[in-house]
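Visitor: Dropping a structure here in structure tokens format, bear with me for questions.
The values are calculated or read from the model by the stated rules, or taken from the named source; none is laboratory data. For clarity, every value in this text was computed on a predicted model and none was experimentally measured. Note: ideal-geometry Cβ built from the backbone for every residue, glycine included; neighbour counts use all protein chains shown. Surface areas here come from the heavy atoms of the whole protein model, side chains and all, with no ligands, DNA or RNA. Shrake-Rupley method; radii C 1.70, N 1.55, O 1.52, S 1.80 Å.
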Amino acid sequence: MDIQIILQQMLMLFAMMVTGYFIWKKEWFDENAYQKLSKVVVNILNPLLVVNGVLGKDSGGDLSLLLQNLGFVVFFYLLLAIASFALAGALRPPKAQRRLYRLMAIFPNVGFMGIPVITSIYGAECMIYIVFYMLGYNLLLYTYGLSLAKKAAEDAVHAEGTGPGAKRDAGAGDFGAGTSPGAGEAPGKQWRRMVNPGVVFSLIAVAVFLFRLQAPAPIVSFCDYMGNATIPLSMLLIGMSIAKSDLKSIFTDARIYGFTAIKMVALPIAAVLLLKPFGADPVILGVFALQLSMPVGNIVTLIAKEYGADETTCTNGIVLSTLASILTIPLVCMFL
């Protein structure tokens with residue numbers, strides 16, 4: 001693997017993030033515009049990019065690779081769940097933050113940043129492997145993830161000695177542009193939230209790939225043009241989210257540095273060294289390692305805030321890990 005090419009790709013993505021940073025600082029975007037563009041990228045452009053990655057691809061002979069990838073996906077989330085306990089134990093955060101560190105460890109940015117980074121390295125052909133990580137992500141997020149966020153909020157309430165409703169009210173109703181990820185909902189409604197454009201289009205992509213479904217040329221072109229807009233726009237949005245953060249408090253949080261080093265460098269490198277001798281397909285192993293190297297997912301802050309947990313800790317983790325990924329991802333690639 002040519003590390004120089006990977007570093008160039010990461011620097012290109014970083015330049016897009018910097019552009020988003022200055023767009024926000026110039027006040028060309030406000031919070032309302034940011035939320036609306038984010039909805040367009042997440043609900044329209046990103047799903048179309050997923051489908052575009054499998055259109056015209058032949059599944060012949062690749063079913064065994066899909067099964068191998070599925071095994072890696074299962075191992076991926078099991079590994080992160082186990083590592084989350086080890087991280088929380090090693091870093092010894094305050095009790096109110098322990099479950100938040102576990103939340104950050106289990107839910108990296110497999111889609112919003114994973115797609116542009118991995119496709120820029122391996123090409124759109126690897127999209128079929130990425131969609132399984134996205135499906136697993138949604139399944140865990142709206143079950144185990146919400147449970148962790150809720151318990152983290154309870155830990156914060158006990159730590160501060162406040163009433164059970166004080167923290168909860170502070171974040172209620174402030175998810176994205178006013179939609180909630182599930183706070184206070186019945187379990188059935190939380191499950192229904194998994195039926196979103198990302199999941200639906202991921203399933204469509206799997207069906208298209210497996211059954212070799214053909215689409216008319218205009219639909220292919222539409223998915224191509226619209227999907228390709230995802231990469232620059234998602235990087236611009238990440239840059240804007242960094243611009244909104246308090247960088248001084250982030251860069252002085254020593255525990256977040258330790259989290260980033262273990263989660264984004266030590267863990268993926270150790271996993272690659274462990275799995276590489278078993279002869280896994282290089283692309284599938286590469287996708288696995290890169291997903292393991294992704295920064296903390298933005299959704300972590302949103303669900304922490306919704307339940308009234310300490311979203312500042314999550315924001316610090318997201319921003320520092322995103323900035324660090326420009327260097328840590330090429331470093332991990334050196335071991336592939």
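Visitor: Within segment 109-136, take every residue that is out of contact with any helix residue (DSSP H, G or I) (no Cβ under 7 Å at 6 or more places or on another chain) and under 24 Å from Leu331 (Cβ atoms) and give me the one that is surrounded by the fewest Cβ atoms within 10 Å (Cβ to Cβ).
Guide: Among those residues, the one meeting the criterion is Gly123.
Visitor: I want to confirm something. Restricting to segment 88-108 and keeping residues that are of a type outside the set (Gly, Ala, Ser) and open to solvent by less than 10 Å² (accessible area, probe 1.4 Å), which single residue is nearest to Met240 (Cα to Cα)?
Guide: The first filter runs over segment 88-108 and keeps only residues of a type outside the set (Gly, Ala, Ser), leaving 91-95, 97-104, 106-108.
After this cut, where a residue has to be open to solvent by less than 10 Å² (accessible area, probe 1.4 Å) as well, the list is 93, 100-101, 103-104, 106-108.
Details: Pro93: 28, Leu100: 23, Tyr101: 23, Leu103: 23, Met104: 20, Ile106: 24, Phe107: 21, Pro108: 19 Å.
Looking at residues that are of a type outside the set (Gly, Ala, Ser) and open to solvent by less than 10 Å² (accessible area, probe 1.4 Å), I get Pro108.
Visitor: Same structure, new question: Quick check, is Thr252 within 19 Å of Thr328 (Cβ to Cβ) and not aliphatic (A, V, I, L, M)? Steps first, answer last, please.
Guide: Details: within 19 Å of Thr328 (Cβ to Cβ): no; not aliphatic (A, V, I, L, M): yes.
Spelling it out, it is not the case that Thr252 is within 19 Å of Thr328 (Cβ to Cβ) and not aliphatic (A, V, I, L, M).
Visitor: Going through segment 258-275 one residue at a time, which ones are open to solvent by 30 Å² or more (accessible area, probe 1.4 Å) and out of contact with any Leu (no Cβ under 7 Å at 6 or more places or on another chain)?
Guide: Residues satisfying the conditions are Ala261, Ala266, Ala270, Leu273, Leu274.
Visitor: Just the residues that are free of Cβ contacts under 8 Å to residues at least 60 places away in the same chain and assigned to a helix (DSSP H, G or I), please, taken from segment 102-136.
Guide: Arg102, Ile106
Visitor: Still on this model: Does segment 82-100 contain at least one residue that is under 17 Å from Ala205 (Cβ atoms), assigned to a helix (DSSP H, G or I) and either in contact (Cβ under 8 Å) with a residue 12 or more places away in the chain or not polar (S, T, N, Q) (or both)?
Guide: Checked segment 82-100: no residue is under 17 Å from Ala205 (Cβ atoms), assigned to a helix (DSSP H, G or I) and either in contact (Cβ under 8 Å) with a residue 12 or more places away in the chain or not polar (S, T, N, Q) (or both).
Visitor: Evaluate segment 227-234: report whether one residue or more is surrounded by fewer than 15 Cβ atoms within 10 Å (Cβ to Cβ) and either part of a loop (DSSP other than H, G, I, E, B) or modelled with pLDDT of 90 or more (or both).
Guide: No, segment 227-234 contains no residue that is surrounded by fewer than 15 Cβ atoms within 10 Å (Cβ to Cβ) and either part of a loop (DSSP other than H, G, I, E, B) or modelled with pLDDT of 90 or more (or both).
Visitor: Could you list all residues from segment 137-160 that are farther than 19 Å from Phe75 by Cβ, open to solvent by 30 Å² or more (accessible area, probe 1.4 Å) and among the aliphatic types (A, V, I, L, M)?
Guide: Listed by number, the list holds a single entry, Ala159.
Visitor: Does Ala215 qualify as being out of contact with any Asp or Glu (no Cβ under 6 Å at 6 or more places or on another chain), in contact (Cβ under 8 Å) with a residue 24 or more places away in the chain and assigned to a helix (DSSP H, G or I)?
Guide: The answer is no for Ala215.
Visitor: May I pose another question? For Val74, all conditions in the list (1) at pLDDT 95 or above; (2) buried (at least 19 other Cβ atoms within 10 Å of the Cβ) hold save one; what is the number of the exception?
Guide: Just one mismatch for Val74, condition (2).
Visitor: Mind checking which residues of segment 298-326 are crowded, with 23+ Cβ neighbours inside 10 Å, more than 15 Å from the chain's Cα centre (by Cα) and of a type in the set (Ser, Thr, Tyr)?
Guide: Within segment 298-326, Tyr307, Thr313 meet the criteria.
Visitor: Then there's this: Could you check, for segment 251-262, whether at least one of its residues is over 16 Å from the mean Cα position of the chain (by Cα), basic (Lys, Arg) and closer than 29 Å to Asn32 by Cβ?
Guide: No, segment 251-262 has no match at all.
Visitor: Among the residues in segment 176-195, are any at pLDDT below 55, farther than 17 Å from Leu141 by Cβ and within 23 Å of the chain's Cα centre (by Cα)?
Guide: yes
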